[in-house]
Amino acid sequence: MSNKPGLKVFSGNSNRPLAEEMCRHIGIGLGEATVTSFPDGESFVKINENIRGYDVFLIQSTCPPTNHHLMELLIMIDACRRASAHRITAVLPFYGYARQDRKDQPRVPITAKLVANLLTAAGANRVLTMDLHSQQIQGFFDIPVDHLYASPTLFKYLAQTPREKLMVCSPDVGGMKMAAAYADVLGAGLGLVAKKRTSATHVEAINVVGDVKGCDVLLVDDITETAGTLTAAARLLREHGARSVRAAVSHCILSNIARERLAEGLIDELIITNSIPNDPKGLPITVLSVASLLGEAILRINNNESVTSLFKIKGF
């Protein structure tokens with residue numbers, strides 16, 4: 001007789017469609033929980049099922065409204081801890097505040113570390129997340145972190161939509177490692193667009209490293225919010241003779257300014273995942289699902305199996 005605790009999955013309000021799709025992959029129903037707000041804005045959570053001794057997974061992307069969704073997650077964790085769950089795993093398809101991961105100016109916080117502390121203090125026993133803005137955030141936690149990558153899902157789609165003369169470019173220096181991995185798997189050239197950020201919403205592309213003339217360029221990045229970096233890079237790449245420009249991004253927050261920039265047509269196709277709920281209607285956006293990737297990771301964690309094989313890319 002197995003002593004493995006039973007599995008239950010619950011979701012906050014940030015991305016319920018993704019949570020439901022993950023549960024369909026796992027083969028269980030999404031747990032019943034009340035996650036709502038009082039008239040004054042305070043969050044209220046009630047787990048409507050017995051979870052004593054269960055292995056509980058709480059799915060919540062900390063996307064806009066970021067603070068509200070983060071607070072929901074912390075309260076859900078506390079509710080499960082007080083209900084005597086055997087183990088609580090916070091599943092964050094998108095980990096908000098990840099860009100504030102270092103002290104690069106005087107008197108600023110390291111908010112990515114603060115969020116890690118909050119999750120641990122609330123009672124999370126482990127974290128499952130995907131495509132962190134920087135790898136070192138895993139070290140901010142004193143609990144186990146399973147860090148997944150959306151790249152296998154993106155690679156599969158890119159292999160089905162090949163381009164003749166493909167060049168993979170990073171829109172900034174920090175993304176060169178990711179771009180190099182894409183170029184290696186896809187058998188493409190590698191380039192770089194040097195940029196200078198002038199404000200939180202505006203970016204100036206300065207120069208292109210690599211010959212992109214006549215090439216189909218693929219820009220790769222982990223997150224876009226205003227699309228400033230991507231569209232500035234696309235404009236410069238086209239000025240240098242790029243035949244087409246696509247972009248592959250793990251996390252996409254479609255702000256109004258991003259919609260306006262994408263509507264300009266500088267990017268032929270933006271390929272994103274459903275880690276954050278978006279309405280891409282009217283824009284050249286392709287949304288890929290990471291539900292099976294995250295669902296399989298939940299099953300393996302519950303079975304105490306390795307998740308390393310999820311990083312392997314079939315057919316490459």
Practice task
Kindly identify the range 130-239 as rounded, prolate or oblate by the Cα gyration tensor criterion: order the square roots of the eigenvalues as a ≥ b ≥ c, call it rounded if a/c is under 1.5, otherwise compare a/b with b/c, prolate if a/b is larger, else oblate.
Solution key: oblate
Handout entry: Number of Lys pairs (Cα under 20 Å; 8 or more positions apart or on different chains) in the chain
Key = 12
Problem - the range 21-163: C-alpha gyration tensor shape, a/c 1.5 cut-off, then a/b vs b/c - result: oblate
Practice task
Rounded to the nearest Å, what's the spacing between the alpha carbon centres of the range 257-316 and the range 218-254? Just the number, please.
Solution key: 16 Å
Exercise for the section: For the chain, find the longest principal axis of its Cα atoms and tell me its angle to the long axis of helix 291-302, 0 to 90°, nearest 10. Expected result: 40 degrees
Practice task
Distance between Cα centroids, the range 50-79 to the range 1-35: provide it in whole Å.
Solution key: 12 Å
Practice task
With everything on Cα atoms, drop me the angle between helix 16-26 and the longest principal axis of the chain, reported from 0 to 90° to the nearest 10.
Solution key: 80 degrees
Exercise for the section: Note the angle between two axes, namely the Cα long axis of helix 66-82 and the longest principal axis of the Cα atoms of the chain, as a number of degrees from 0 to 90, rounded to the nearest 10. Expected result: 30 degrees
Exercise for the section: Note down the Stokes-Einstein diffusion coefficient of the chain in µm²/s, whole number, using a Kirkwood radius over alpha carbon pairs, 10 °C, and 1.306 mPa s. Expected result: 77 µm²/s
Handout entry: Net charge over other residues, Cβ less than 12 angstrom from the Cβ of residue 283 (K, R count +1; D, E count -1)
Key = -2
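Bear in mind these aren't lab numbers, they're just calculated from the coordinates by the rules spelled out. Being a predicted model, the structure only gives us computed values, none of them experimental. We place every Cβ from the backbone using ideal geometry, glycine too, and count neighbours over all the protein chains shown.
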